[in-house]
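Rule-based calculations on the coordinates, nothing more; no lab input. Treat the numbers as computed from the prediction; the structure is a model and nothing was measured. For neighbour counting, all protein chains shown are included, and Cβ atoms are generated from backbone atoms with ideal geometry for every residue, glycine included.
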Amino acid sequence: MPRLGLLRLAVPALVLAAGLGALAPAAPASAAVTGTTQSGDVVLYEHCQQHPITYDLAVGPFTSGWRVEIQVVDPEGLTSQGTVLNSADKPPLSGTTYFQFCGSETPGTWTVRSMIRYAPIDLTPDSVLTTSTFQVRPMQTQTTLRAKRLRDGRFRLVSRVQQEAPQGFERAAGITVRLERQTGDAWKKVRGLTLTTVRGRAVAVLGRGTYRAVVPGGGNHTGSVSEPVRAHR
């Protein structure tokens, strides 16, 4: 799956109010906005998903104008478009915003960063209000291999691959499978054989030997290896 730019995947900014006037009085030194954000971890499934990020703000009693932008930053430092909360419209101080994942994003530690700007909005710089992190990881895979003897003495080897899904595991389509034959203490790839799963299966016909099926990790899925199968009977 081709990797899309982070800005294209971001949920469009949710602007809850118009900007504050540039002449609004600055907040007293004792006034402040505090807050937290929270998010669960993400598995990079085959389909797009809207990932929830909750926020909770507290505003001091003498705070005048403020603007908070909630951004998502990937492990490479790319920043998404943000969800904007502006005091001029009296937005809810707690709620949920969403960020879209479609399977091609970078695994690793992602950061939710909230930036605060006090009135006058057009003149004051942003500062970090709060940060939190969550993990993004590829789907896990599971691989099995079975052998069935054919009449001509060869063996039909059936690899089955499942991939992680929201409700457990499901048959994996379009996953590369590599068959390896045991030679002494080493495993060597069966030459001239390229397999890709169709409805979770990949089939090959080979001679006698001890084999295993290997799914290389890559893209949005992890690698996995089947138990060895002896095709000798």
Original post:
Percent relative contact order of the stretch 141-231, based on C-alpha pairs within less than 8 angstrom and at least six residues apart?
Top reply: 34
Original post:
Mind listing which trypsin sites (Lys or Arg not before Pro) in the stretch 172-222 are in a DSSP loop and have 13 or fewer other Cβ atoms within 10 Å?
Top reply: 191, 199
Original post:
Quick one: net charge of residue 160's neighbours, Cβ under 11 Å, K/R +1, D/E -1?
Top reply: +4
Original post:
What's the center-to-center distance, using Cα atoms, between the stretch 37-76 and the stretch 165-233 in Å?
Top reply: 40
Original post:
Using alpha carbons only, what's the Rg to Rh ratio of the stretch 141-231 with Rh from Kirkwood?
Top reply: 0.98
**OP:** Determine the relative contact order of the chain: mean sequence separation of Cα pairs under 8 Å and six or more apart, normalised by residue count, in whole percent.
**Re:** 19
Original post:
Fully extended, how many nm does the chain gain between residue 90 and residue 133 (0.36 nm per residue separation, minus their Cα-Cα distance)?
Top reply: 12.8 nm
